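Beneath this line is the structure, given in structure tokens, with notes to follow.
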Amino acid sequence: MSRLPIISDKPSTLVDAQDRNISYLRVSVTDRCNYACTYCVPEGGVPMVRRERLLTFEEITRLVQIMAGMGVRRVRLTGGEPTIRKGLVELVASLSQVEGIDEVAMTSNAHLMESMAAPLAKAGLSSVNVSLDTLEAGPFAQLTRRGEIDRVVRGIDACIKAGMRVSTNAVALRGVNDTEVVALCEFAWDRDIVPRFIEHMPMSSGDAFDAAEQFSSAEIRSALFEHYGEALVAEGSDQGKGPARYWSVAAGTRGTRRVGIISAMSEHFCSTCNRLRLSATGKLHTCLAHDDALDLKQILRGVSATDEQIRVAIRGALSLKKPGHEFDPSGAGGPAKHMISIGG
Ligand code: SAM
């Protein structure tokens with residue numbers, strides 16, 4: 001299959017006022033989800049947008065082509081739950097053909113992966129981060145409000161079998177999964193995949209956020225240290241490959257086992273942020289924690305918007321990217337947008 005050409009007038013130009021080079025784009029393909037995790041979606045849900053307001057696959061592909069021409073190299077599909085958007089395999093196939101894009105990845109709950117992993121991998125999906133917050137069936141159903149742990153485990157195994165690189169993501173929550181740090185690691189390491197823990201961020205003015213549930217990176221590290229002792233060694237971050245900082249445990253014949261911690265709150269990494277986010281309705285967000293966004297869909301659907309007009313608009317939005325987030329650990333005053341709408 002021939003590759004879709006880069007749309008570019010200049011070499012890499014996505015550098016912001018803080019000199020951060022943008023090479024990573026997260027694309028939310030739907031604001032709907034088959035789960036409704038309590039830390040992500042407030043009780044009562046969030047209003048869903050009408051389907052015609054979503055970017056079409058052609059529009060997403062055009063924007064990715066344009067941004068590839070400006071230096072974006074990695075695309076991660078997210079949501080809502082990306083696997084519930086009809087035709088997703090075709091979108092992956094066309095994005096993985098965009099010249100300049102080195103990796104198409106996805107964040108998913110893996111509920112549908114048992115049947116979708118193989119076609120997605122064949123279409124060019126190379127890596128999946130699977131949300132897995134607890135291994136206990138009851139708490140899993142409660143936390144996700146409708147999830148099935150057995151199904152998710154089968155989905156994870158299907159992703160591994162399909163040859164994709166797999167990580168698990170757990171939002172660390174006191175009283176929910178703080179006693180499962182080691183179990184979640186062992187679950188992942190038994191499958192030769194990497195577990196990661198994420199600090200809970202207060203989105204949507206904190207309406208799905210309980211500050212008392214915060215379980216910090218330091219506490220996650222303590223739980224690991226208590227179990228693995230001196231075998232636990234700090235590795236640092238994977239340069240440009242995401243915000244996690246890694247630790248590893250030497251495991252004799254089982255090789256080295258890694259665990260990632262994403263300290264979004266207590267030790268944030270905004271100074272190395274390399275990402276932009278495109279919402280399902282075509283809003284370009286320069287930061288998860290701020291509500292300002294550029295309405296790219298309006299520009300795209302305007303009378304024959306040229307690629308150059310789109311590039312100018314993207315550069316303009318990037319020039320306003322804030323130096324850092326201003327999440328308040330109490331959960332007060334967070335952004336009005338919901339995680340389910342922007343995709344994490
Ligand atoms: N449905 C997919 C999934 O379950 O992974 C993708 C969407 S989900 C919004 C993307 C990521 O955001 C997941 O890893 C989820 O755990 C994380 N997330 C959601 N709400 C969060 C919050 N308040 N703080 C930190 N991470 C959050």
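The values are calculated or read from the model by the stated rules, or taken from the named source; none is laboratory data. Source: prediction; values computed, not measured. Positions of Cβ are generated from backbone atoms using ideal geometry, with glycine treated the same way; all protein chains shown enter the neighbour counts. Accessible surface is based on the protein model in full, side chains and every heavy atom, while ligands, DNA and RNA are left aside. Shrake-Rupley method; radii C 1.70, N 1.55, O 1.52, S 1.80 Å.
For the reader, a short list of remarks on this structure follows.
- Whole-percent carbon and sulfur share, accessible surface of the chain, 1.4 Å: 52
- The distance from the alpha carbon centre of segment 306-344 to that of segment 96-141 is 24 Å, rounded to a whole number.
- Counting only trypsin sites (Lys or Arg not before Pro) that DSSP places in a loop and that have at most 12 other Cβ atoms within 10 Å, the longest clean stretch of the chain runs over 242-344.
- Selection among 256, 163, 72 by position relative to the dipole of the chain gives 72 as farthest towards the positive end (Cβ unit charges, Cα centre).
- Extension gain, residue 298 back to residue 3 (0.36 nm per residue minus Cα-Cα distance, nm): 103.5 nm
- 5 angstrom amide H check on residue 169, placed H, neighbours 5+ away: 130, 131, 132, 196
- The angle between the Cα long axis of helix 149-161 and the longest principal axis of the Cα atoms of the chain comes to about 70 degrees, rounded to the nearest 10.
- In range of the label at residue 90: residues from segment 57-79 whose backbone nitrogen is under 11 Å from the point 7 Å along Cα→Cβ: 57-58
- Between residue 48 and residue 226, full extension at 0.36 nm per residue minus the direct alpha carbon distance yields a gain of 59.7 nm.
- Prolate/oblate/rounded label for segment 101-140 (Cα gyration tensor, a/c 1.5): oblate
- Per residue value of the accessible surface for the chain (all protein chains in place, 1.4 Å probe), Å²: 42
- The chain: antiparallel DSSP beta bridges as a percent of all, rounded to 5: 35
- Computed from the C-beta positions of residue 235 and residue 15, the FRET efficiency with R₀ = 25 Å rounds to 0.35.
- Which listed pairs, of 297/337; 86/122; 241/297, have C-alpha distances above 25 Å, in listed order: 241/297
- Cα shape, segment 9-61, gyration tensor, a/c 1.5 rule: oblate
- Theoretical ellipticity at 222 nm over the chain - DSSP helices of four or more residues, -39500 (n - 2.57) apiece, nearest 500: -8000 deg cm²/dmol
- All aspartates and glutamates inside 20 Å of residue 322 as judged from Cα atoms, apart from same-chain residues fewer than 8 positions distant: 16, 19, 267, 291, 292, 295
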